[in-house]
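Heads up, the thing below is written out as structure tokens.
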Amino acid sequence: MNRPVRTRFAPSPTGFLHIGGARTALFSWAYARHHGGKFILRIEDTDVARSTPEAVQAIIDGMAWLGLEHDEGPFYQMQRMERYKEVIQQMLDAGTAYYCYTSREELDALRAEQEARKEKPRYDGRWRPEPGKTLPTPPADVSPVVRFKNPKDGVVAWDDKVKGHIEFANTELDDLIIARGDGTPTYNFCVVVDDWDMGVTQVIRGDDHVNNTPRQINILRALGADVPEYAHLSMILGDDGTKLSKRHGAVSVMQYDEDGYLPEAVVNYLARLGWSHGDDEVFSRQQFVEWFDLDHITASAAQFNTEKLLWLNQHYMKQMPAADLAARVKPRLAARGIDTDRGPDLVQAVALYVDRCNTLNVLADAVEAFYVPIHPHAELLAQHLSDEARPALADFAAGIAQVAWEAPAINALIKETVTKHGLKMPKLAMPLRVILTGQAQTPSVDAVIALIGRDSVLEKLAAYKN
Ligand code: GLU
């Protein structure tokens, strides 16, 4: 196939962009980028009862968040109705489709007869024109549907890029309705016309569409259109091995944003969900585009692994320049009503805490204490602020008023103070942590003190002087 590469993502806007859809979009996007082709966004909104503008927006937002920019579209199927009708007319004229006047009652009767004979229910071709066959006279009171004249014999086959060779006997496929009685085109037909008009060369989609593919190929052939390559991606299972669903927590891509994941980490994670490049687990978007192909997609289902995603997320957080990380944490704190311009430098704060945080939210939780009044829990205080610690704390406060403001000097002061009072290090370090941050677990206490700043440390310690 020498056509320029054109892939598409064709979601039905009936909900948010979920993880499975995002992976499909990512693979289609990466394939186009790898080959210097075009990536098309097509909104399959013909199910008017279930499609909503909010869902369209959610899809567009989710793709933007992941950085999957499309080159063409979004095309909306509802805006292409005239085109579908035009192609239906062409097929009627060419004799590759025909009007069928079978009424609902007749179809029900046919089905009942076939079931009584233990046959698979299927349309019997009574209105299908054949050489030498006399068709019934069209009834005046039935608006006909249009059926595709599916080949009667042989097989329709394709080499699926994921699943390998797949074939269906044409006898298994009856003559598909491509337009309803009111003239509206049906699902598979719209997909075919779109893939044809949009010059799609690779159809990458979920394997729930495998059964549609033979019908789509037959119609494409009847139209004289090039048949694209197909890659049907296996489903994604949840952590527990069952089909991924809301039960597994975040299934909407934007929920991952809300939960504090970086798009870089989610993209890297999704890339590995069913595709591999040797043992590589961590790679940049550019690297992924360079490596991506359809030959290394696994046919078996991929299993979601939240631990691995968290690990990747932390990896990307740690790797990111602290200033960028701070820029991502700042709005999260602002959304909680916290002004990080008042307090220690947020860049230093996130740098100090990133090692112990695996999401932006956990990081925001950790550094929040530097920007709000601290009210350590009475229990925590009682546990750590012992009577023997109080004089040491007072001494330390006196020292802190004049020590050189850097972690090593502060550390020396802590050591000096505990030695003087005959205490073990934690006897002073623990109450300091609790008083200064409200938390018993912090990074190195000298670094925390250095971060908070002299005035603020003195002020906080003064509250516990007695
Ligand atoms: N609209 C279909 C879906 O959301 C995808 C159709 C296709 O990719 O061909 O499942």
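Can you tell me which residues in region 203-255 are aliphatic (A, V, I, L, M), more than 16 Å from the ligand (Cβ to nearest atom) and within 24 Å of residue 15 (Cα to Cα)?
237, 250, 254
Within region 50-93, take every residue that is touching a helix residue (DSSP H, G or I) at 6+ places or on another chain (Cβ under 8 Å), under 22 Å from residue 189 (Cα atoms) and β-branched (Val, Ile, Thr) and give me the one that is surrounded by the most Cβ atoms within 10 Å (Cβ to Cβ).
My answer is 87.
Quick check on region 189-209. Is at least one of its residues modelled with pLDDT of 95 or more, of a type in the set (Val, Ile, Thr), within 28 Å of residue 140 (Cα to Cα) and in a strand (DSSP E or B)?
No, there is no match, as no residue in region 189-209 is modelled with pLDDT of 95 or more, of a type in the set (Val, Ile, Thr), within 28 Å of residue 140 (Cα to Cα) and in a strand (DSSP E or B).
Being of a type in the set (D, E, K, R) and assigned to a loop (DSSP other than H, G, I, E, B) is the filter here, so list the residues in region 88-120 that pass it.
117, 118, 119, 120 - these are the residues of region 88-120 that are of a type in the set (D, E, K, R) and assigned to a loop (DSSP other than H, G, I, E, B).
From 69, 82, 105, 44, grab the single residue that is under 30 Å from residue 141 (Cα atoms) and modelled with pLDDT of 95 or more.
Just one listed residue meets the conditions, 82.
Output the residues belonging to region 168-182 that are in a strand (DSSP E or B) and either surrounded by 13 or more Cβ atoms within 10 Å (Cβ to Cβ) or in contact with a Ser or Thr (Cβ under 9 Å, 6 or more places away or on another chain) (or both).
168, 177, 178, 179
Across region 441-466, what is the total count of residues that are outside any helix (DSSP H, G or I), in contact with a Pro (Cβ under 9 Å, 6 or more places away or on another chain) and closer than 17 Å to residue 349 by Cα?
Count: 1.
Restrict the check to region 198-219 and report whether at least one residue is exposed (fewer than 15 other Cβ atoms within 10 Å of the Cβ) and in contact (Cβ under 8 Å) with a residue 40 or more places away in the chain.
Within region 198-219, not a single residue is exposed (fewer than 15 other Cβ atoms within 10 Å of the Cβ) and in contact (Cβ under 8 Å) with a residue 40 or more places away in the chain.
Of the residues that make up region 162-179, is at least one within 14 Å of the ligand (Cβ to nearest atom), under 36 Å from the mean Cα position of the chain (by Cα) and in contact (Cβ under 8 Å) with a residue 24 or more places away in the chain?
Yes, region 162-179 has at least one match.
The values are calculated or read from the model by the stated rules, or taken from the named source; none is laboratory data. No experiment lies behind these values; they were computed from the predicted model shown. Cβ: placed from backbone, ideal geometry, glycine included. Neighbour counts: every protein chain shown.
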